[in-house]
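All remarks here apply to the structure that follows.
The values are calculated or read from the model by the stated rules, or taken from the named source; none is laboratory data. On a predicted model such as this, the values are computed, not experimentally measured, just so you know. FYI the Cβ positions are ideal-geometry reconstructions off the backbone, even for glycines, and counts take in every protein chain you see.
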Amino acid sequence: MNTSASYILIAYVFVAICGYWLEHLKLSYLKRYGTVVPPEFAGSIDQKLLDSSSRYTIESTKFGIASSLFSNVLLIAFFFTGILGTFTAWIASLHLNFIVAGIVFFLLLVYADTFLTIPFSVYQTFKIEKKFGFNTMTAKLWLTDFVKSLLVSTVLLSLITAAGLWLIEKSPLHWWLWVWLFFLIFSIFMMYISPYVIEPLFNKFRPVEDENLKAGIQELTEKVGVKISKILKMDASKRTKHTNAYFTGIGRVKRVVLFDTLLNSMSTEEIIVVLGHELGHWKKKHVLKQLVLMEAISLAVLYLSFRLMQGSLLLNWFGISTNSQFAKIAILMFLGTIAAFPFTPAFNLFSRRHEREADTFACELTDNPDAMISALVKLSKDNLSNLHPHPVYSAFYYSHPPVTERIQHIKEWKKSR
């Protein structure tokens, strides 16, 4: 291992240790305060449920650490013991067309990761999720989902890889710009077709039958000026008891999707205020702002990648003798995981600010802060959310403010009216 590779390995291990330290903070904080009912949940949660929430968080966290250790060991072995060089040389020895070789290169990597992590996925679903009453999935359904996901990812990855490599081949000096533009167009295209092509492969979507709820949602969307094509119920309960709701699609294909578990858990007023929160993201242009930010970052990253891929610097760092664009891309993706880590809290700070704005918007739109509070309480109870996240951990990783902070924020808004 040369000096450059040693420095990269040290940086990667340092980032991993920082992540595990944050997980340790979360567990130690929960051990210290996990038996205390937060004031925001007084009278809404009993000690038994709070204990279940803490145990669920602890078991999921410890399992996540074990899974992460496994993945980190695999990545270190792949990049620092010569496996990447051997794999790259083998791909070159096949003498395939440039684009076909690239598809084979990246598909095999994805397949290796997918199949090696099957035991972790199975344990998470059929051990932890089942133990805490969430999993409703059968082994047959899990296998069906796995096969479908693998086929979808194979098709999409093949298309993206083929298009990206074709652009690299045809425009060696400006591919970074064309690849960025292609990814942008492809992402928007997927927003249009996903509700009709991909999502129905995994779930059944039916119109919401409750006329009062439909009328309330339509009134809400009209008040905001957002046209929704459909209000649908998704059969989430065949896989999980977790509750959720979301908007999907873009333009004329925007639709509201409600988990059937959510419909069974919440009142009409609570569901409407939750959707008011989601509408707040659209009205405040949060989706557009995040898209602009991510595309600007993507463009900068692609240009930097283009510069780094000139010559054999990346290959020399990892002791690879075969001149391979695919190996360079794989190395850049690996380096990206290291470089992105320190920016994580900044991105999540940006996201949390949007979530607070959406909460405020929902309260103003519906004039029903009490329903928003009760909806947040139910969501936390139904999903056994961690009610005592460590402040440093939540500041680093949480894309949403901790639920207790969200409730405090809503109560303060209510008082200030």
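Of all the listed residues (Phe202, Phe183), the sole one being at pLDDT 90 or above, among the aromatic types (Phe, Trp, Tyr), surrounded by 13 or more Cβ atoms within 10 Å (Cβ to Cβ) and within 30 Å of Ala300 (Cβ to Cβ) is Phe183.
Condition test on Leu313, is it surrounded by fewer than 17 Cβ atoms within 10 Å (Cβ to Cβ), within 20 Å of the chain's Cα centre (by Cα) and not polar (S, T, N, Q)? No: the conditions fail for Leu313. Evaluation of Gly276 against the conditions (1) of a type in the set (Gly, Ala, Ser); (2) surrounded by 15 or more Cβ atoms within 10 Å (Cβ to Cβ); (3) over 30 Å from Leu258 (Cα atoms) shows that the sole unmet condition is (3).
Of the residues making up region 281-310, those that are in contact with a helix residue (DSSP H, G or I) (Cβ under 8 Å, 6 or more places away or on another chain), over 13 Å from Trp180 (Cα atoms) and either small (Gly, Ala, Ser) or exposed (fewer than 13 other Cβ atoms within 10 Å of the Cβ) (or both) number 1. When Lys48, Lys26 are screened for being part of a helix (DSSP H, G or I), without any contact (Cβ under 8 Å) to a residue 60 or more places away in the chain and charged (D, E, K, R), only Lys48 passes.
If I filter region 216-234 down to residues being modelled with pLDDT under 85 and in contact with a Phe, Trp or Tyr (Cβ under 9 Å, 6 or more places away or on another chain), which single residue comes out as farthest from Met190 (Cα to Cα)? The qualifying residue farthest from Met190 (Cα to Cα) is Val224. Region 95-198 holds helices (runs of 4 or more DSSP H) entirely within its bounds, and those carrying 3 or more residues that are in contact (Cβ under 8 Å) with a residue 60 or more places away in the chain and under 20 Å from Met309 (Cβ atoms) map to 98-116, 139-170, 175-197.
In a residue-by-residue description of region 235-256, the property of being among the β-branched types (Val, Ile, Thr), farther than 23 Å from Tyr196 by Cβ and modelled with pLDDT under 90 applies to at least one position.
Yes/no per residue for (1) of a type in the set (Ser, Thr, Tyr); (2) touching a strand residue (DSSP E or B) at 6+ places or on another chain (Cβ under 6 Å); (3) part of a loop (DSSP other than H, G, I, E, B); (4) touching a residue at least 12 places away in the same chain (Cβ under 8 Å):
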{"residue": "Thr221", "(1), (2), (3), (4)": "yes, no, no, yes"}
{"residue": "Lys227", "(1), (2), (3), (4)": "no, no, yes, yes"}
{"residue": "His242", "(1), (2), (3), (4)": "no, no, yes, yes"}
{"residue": "Val256", "(1), (2), (3), (4)": "no, yes, no, yes"}
{"residue": "Leu262", "(1), (2), (3), (4)": "no, yes, no, yes"}
{"residue": "Val292", "(1), (2), (3), (4)": "no, no, no, no"}
{"residue": "Leu314", "(1), (2), (3), (4)": "no, no, no, yes"}
{"residue": "Ile320", "(1), (2), (3), (4)": "no, no, yes, yes"}
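Please verify whether Thr337 is exposed (fewer than 15 other Cβ atoms within 10 Å of the Cβ), of a type in the set (Val, Ile, Thr) and touching a residue at least 24 places away in the same chain (Cβ under 8 Å), treating the condition exactly as stated. Yes. Consider region 44-90 and keep the residues that are loosely packed, with under 14 Cβ neighbours inside 10 Å and of a type in the set (S, T, N, Q). The one that is farthest from Ala16 (Cα to Cα) is Gln47.
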